[in-house]
Amino acid sequence: MLKVIREHSRSFLIKGILWMVVISFILTIFLVWGRGSQGLSGSTTAVSTVDGVDISAESFLRLYKLNLDRFQQSISGNIDQQWLQQLAASQALNDLINEEMMVQEAISRGIVVSPEEIIDHITERYEIFQQNGKFIGQEKYLEILRANRISPSEFEEAIRRDLYLQKFSSLIIDGIILSEAELKEEFKRQKEKVSISYLLFQPSTFTDLIVPTDQELAEFYKDNKENYREPERRRITYINIESKMGGEIEVSEREVQRYYQNHLEDFKVPVQRRSRHILFRIPPNATAEEEEAIKKKAEEALSRARAREDFAELAKQYSEDETTAQNGGDLGYSSRGRMVQELDDVLFSMEINDISDVIKTRFGYHIVQLTDIQRAHYQPLSDADIRDRVEKTLRTEKSHQEAKELAEKVYNEASSAHDLNVAGKKYALEVKDSGFFAKEERIEGLGTPTLLLDSAFSLKVGEISEPILIGRSYCVFQLMENKAPSIPPLEEVKPKVINSFKEKGGRELAKRQAEEVRELLLGENPDLMAVASQQKIEPQSPKPFKRGEQIEELGMAPEVEKRAFAMKEGEVSEVVTVDKGFVVFQVNAKEEPTSEEFAQEKEMLKETLLQQKQLGRYSAILTRLRERKRIIYNQTLIDQLMS
């Protein structure tokens, strides 16, 4: 039920552009209960306080687990598990603190949420509490809450907080406007193109010409010794305990049933609506008159549909959606939020067989008919795919737990004996040697796990680490040796020193040549191509580029881009440093977008810029609130909950 409520909430925050607030609201309002005096309080149960109001351990733990599950499902590959846990914890704590700050700020600014507003919000905005478009009544409302083990006071407190956030959001972003001049300036900035020709001077062209003497090399080494300093290195021996493959783990029927019942909400299918549509596309370059003609054609089809002509046949006749037209415009079933906002809002306000007005989206004009409503339901355990999903999850959890328990035994045995090899022999596990590695380097067989590297460089020789989770494995290691940082003698690093000397000399010669060529281009009518021909340097004339785009053969060259858009046609640049060396360029032409292009894209640009402005204002307010609020963190409790 909670998922249905979340998916059918149409609050301002869910519709809005402020993703950090959206995440906080969606993930907490129906999953996290108990804030302030109603939640867990005291130094042992609050992960943080915001001006004296507790952020409860329960709130944090639920949101942390939700974030972690989401990250693990969306990120593939061998990811450092500790890093993932830290990311999930950081986001959970920030979201909870941001929400609490905003509610406090809303109250301090005199925003009020009345009991009547809470009632209206519940009875009018949530389909789970409606039947045939009307509130199901107090008795059934309480019955649904009881069935999901939620008290009315908890649920209504969550709604109250949501309304505070909605009103606070409206207060912040009301009055944000964009002038026509701002829109035109930004459109020009995004769409303007510049064409240049350039000469590239690469250090690699000159390095082979540089042959240092022994004295030059010795002096260069003396002046740049720190560049050759070797970092501290350490060597460990370790045991890596991998979780077994899922198929090797047995799960009982009782375990399957218990997991399914305890995680029933994970198998909830939200309300879905089936619809047909007729699409009239608007070409990107359509004039106002052409668009009006398309709209009239849509209105003609709408009149025929409302005159009870077969909607499916009309879709075959009119619709320009090639994917659905021949199927009578059938869009299949869709849950809330799956369609574009304009269609979604209309579709979820209709009754079966209703036909919408003409709706405009970025795709064109639509007419929609609602053909069926599939109520929310649970996927049954009898479904083979669902059973398989439950069994796989249980096998993964059991496998993970077995690996963890074995790692703890290895750690205890090794700690008692002060020798990892003793534990390896006892449990028939291979003890591997890492060889020496620096803190930022990859460890053969383990990768670059942050927590392990941090631990390796904090232990003393002979000490044994506690089990560290790396991906799906646990690692226990013993620190064997340290190598202190050192600067090796010249003879040991002579090849590196020679390369550095030649690279430095190559850059100096390349820059000098670039500056000499630049001198030849001074004057009233500089001609880069003519000079290139005289100096036998091959010029480059890449295709025109916009801001933020790569330049052919140069890649991303922000300084070239910045100067090119600031210069006039025909101007020649100073010598500019790029990744490949040095560049001198001439601006050939500039291409500005047309007023017709601006008219076509104006509304979409306006929406995007408005969102950016709103997000900027929101971010600024959150930053100021964090500076003003007294926020205390209970790091010890956070670490305990994460473990």
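Considering only the range 214-224, state which residues are within 30 Å of N482 (Cβ to Cβ) and surrounded by 14 or more Cβ atoms within 10 Å (Cβ to Cβ).
Matches in the range 214-224: Y221 only.
Mind checking which pairs have a first residue in the range 622-643 that is more than 30 Å from P467 (Cα to Cα) and a second that is modelled with pLDDT under 90 and open to solvent by 40 Å² or more (accessible area, probe 1.4 Å), Cβ under 9 Å, 6 or more apart or different chains?
What qualifies is R630/G52.
Collect the residues in the range 124-141 that are more than 34 Å from the chain's Cα centre (by Cα) and surrounded by fewer than 17 Cβ atoms within 10 Å (Cβ to Cβ), keeping them in residue-number order.
Selection gives Q130, Q131, N132, G133, K134, F135, I136, G137, Q138, E139, K140.
Can you name the residue in the range 589-607 that is open to solvent by 70 Å² or more (accessible area, probe 1.4 Å) and within 30 Å of Y198 (Cβ to Cβ) and is also modelled with the lowest pLDDT among such residues?
E597
Hey, among the residues in the range 163-209 that are over 30 Å from E117 (Cα atoms) and aromatic (F, W, Y), which one's most open to solvent (accessible area, probe 1.4 Å)?
The extreme case among them is F206.
For residues that are part of a helix (DSSP H, G or I), open to solvent by less than 50 Å² (accessible area, probe 1.4 Å) and without any contact (Cβ under 8 Å) to a residue 24 or more places away in the chain, tally how many sit in the range 142-151.
So the count comes out to 2.
Being among the basic types (K, R), in contact with a helix residue (DSSP H, G or I) (Cβ under 7 Å, 6 or more places away or on another chain), surrounded by 12 or more Cβ atoms within 10 Å (Cβ to Cβ) and under 21 Å from E232 (Cα atoms) narrows it down to one of K439, K494, K483, so name that one.
Answer to the selection: K439.
Out of the residues in the range 208-245 that are acidic (D, E) and in a helix (DSSP H, G or I), state the one that is nearest to P449 (Cα to Cα).
Per the stated criteria, the residue is E226.
Conditions tested, residue by residue: (1) within 35 Å of the chain's Cα centre (by Cα); (2) within 30 Å of G133 (Cβ to Cβ); (3) polar (S, T, N, Q).
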position: H377; (1), (2), (3): yes, yes, no
position: T393; (1), (2), (3): yes, no, yes
position: H400; (1), (2), (3): yes, no, no
position: L406; (1), (2), (3): no, no, no
position: K426; (1), (2), (3): no, no, no
position: E430; (1), (2), (3): no, no, no
position: D433; (1), (2), (3): no, no, no
position: G445; (1), (2), (3): yes, no, no
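Could you list, ordered by first residue, the pairs with Cβ atoms under 8 Å in which the first is in the range 477-492 and part of a strand (DSSP E or B) and the second is open to solvent by 70 Å² or more (accessible area, probe 1.4 Å) and acidic (D, E), at least 6 apart or interchain?
Every condition considered, the pairs that remain are Q478/E463; L479/E463; M480/D433.
I'd like the full set of residues that are open to solvent by less than 80 Å² (accessible area, probe 1.4 Å), in a helix (DSSP H, G or I) and over 19 Å from T45 (Cβ atoms), limited to the range 627-637.
Matches in the range 627-637: none.
Considering only residues of the range 361-370 that are in contact (Cβ under 8 Å) with a residue 24 or more places away in the chain and either surrounded by fewer than 19 Cβ atoms within 10 Å (Cβ to Cβ) or among the basic types (K, R) (or both), which is nearest to A305 (Cα to Cα)?
The selected residue is F363.
Looking at I278, is it farther than 30 Å from D454 by Cα, touching a Lys or Arg at 6+ places or on another chain (Cβ under 8 Å) and β-branched (V, I, T)?
no
Can you pull out every residue in the range 416-426 that is surrounded by fewer than 15 Cβ atoms within 10 Å (Cβ to Cβ) and either touching a residue at least 24 places away in the same chain (Cβ under 8 Å) or part of a loop (DSSP other than H, G, I, E, B) (or both)?
H418, N421
Just the residues that are in a helix (DSSP H, G or I) and loosely packed, with under 11 Cβ neighbours inside 10 Å, please, taken from the range 280-291.
A288, E289
Suppose we keep only residues that are of a type in the set (S, T, N, Q) and out of contact with any His (no Cβ under 9 Å at 6 or more places or on another chain) within the range 392-407. Which one would you say is farthest from I464 (Cα to Cα)?
T396
Yes or no, residue by residue, for (1) more than 30 Å from T207 (Cβ to Cβ); (2) surrounded by 14 or more Cβ atoms within 10 Å (Cβ to Cβ):
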{"site": "K580", "(1), (2)": "no, yes"}
{"site": "F585", "(1), (2)": "no, yes"}
{"site": "L609", "(1), (2)": "yes, yes"}
{"site": "S619", "(1), (2)": "yes, no"}
{"site": "L622", "(1), (2)": "yes, yes"}
{"site": "D639", "(1), (2)": "yes, no"}
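For the condition of a type in the set (A, V, I, L, M, F, W, C), within 23 Å of A484 (Cβ to Cβ) and either touching a Phe, Trp or Tyr at 6+ places or on another chain (Cβ under 9 Å) or surrounded by 19 or more Cβ atoms within 10 Å (Cβ to Cβ) (or both), what is the one hit in L406, L452?
It is L452.
Output the qualifying pairs, or none if there are none: Cβ atoms under 7 angstrom, residues six or more apart or on different chains, first residue in the range 435-456 and in a loop (DSSP other than H, G, I, E, B), second residue basic (K, R).
A438/R233; G445/K432; T448/R442
If a residue must be open to solvent by 80 Å² or more (accessible area, probe 1.4 Å) and either touching a strand residue (DSSP E or B) at 6+ places or on another chain (Cβ under 9 Å) or of a type in the set (K, R) (or both), how many such residues does the range 528-548 contain?
Final tally of qualifying residues: 5.
Could you tell me which numbered condition V113 fails, if it satisfies all but one of (1) at pLDDT 90 or above; (2) open to solvent by less than 60 Å² (accessible area, probe 1.4 Å); (3) outside any helix (DSSP H, G or I)?
Among (1) at pLDDT 90 or above; (2) open to solvent by less than 60 Å² (accessible area, probe 1.4 Å); (3) outside any helix (DSSP H, G or I), the lone unmet condition for V113 is (1).
With the checklist (1) open to solvent by less than 40 Å² (accessible area, probe 1.4 Å); (2) in a loop (DSSP other than H, G, I, E, B); (3) of a type outside the set (D, E) in hand, flag the one item S382 doesn't pass.
Only one criterion is unmet by S382, namely (1).
Could you pull out the residue among K398, K404, K409 that is touching an Asp or Glu at 6+ places or on another chain (Cβ under 9 Å) and in a helix (DSSP H, G or I)?
K398
Residue-by-condition table, conditions (1) open to solvent by less than 20 Å² (accessible area, probe 1.4 Å); (2) modelled with pLDDT under 70; (3) assigned to a loop (DSSP other than H, G, I, E, B); (4) out of contact with any helix residue (DSSP H, G or I) (no Cβ under 8 Å at 6 or more places or on another chain):
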residue	(1), (2), (3), (4)
I23	no, yes, no, no
I26	no, yes, no, no
G42	no, yes, yes, yes
I55	yes, no, no, no
L63	yes, no, no, no
G77	no, yes, yes, yes
Q82	yes, no, no, no
A88	yes, no, no, no
Q91	no, no, no, no
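The values are calculated or read from the model by the stated rules, or taken from the named source; none is laboratory data. Worth saying up front: this structure is predicted, and the values here are computed from it rather than measured. Glycine also receives a Cβ, built like all others from the backbone with ideal geometry; neighbour counts cover every protein chain displayed. Keep in mind that these areas ignore ligands, DNA and RNA; they rest on the heavy atoms of the full protein, side chains included. Shrake-Rupley method; radii C 1.70, N 1.55, O 1.52, S 1.80 Å.
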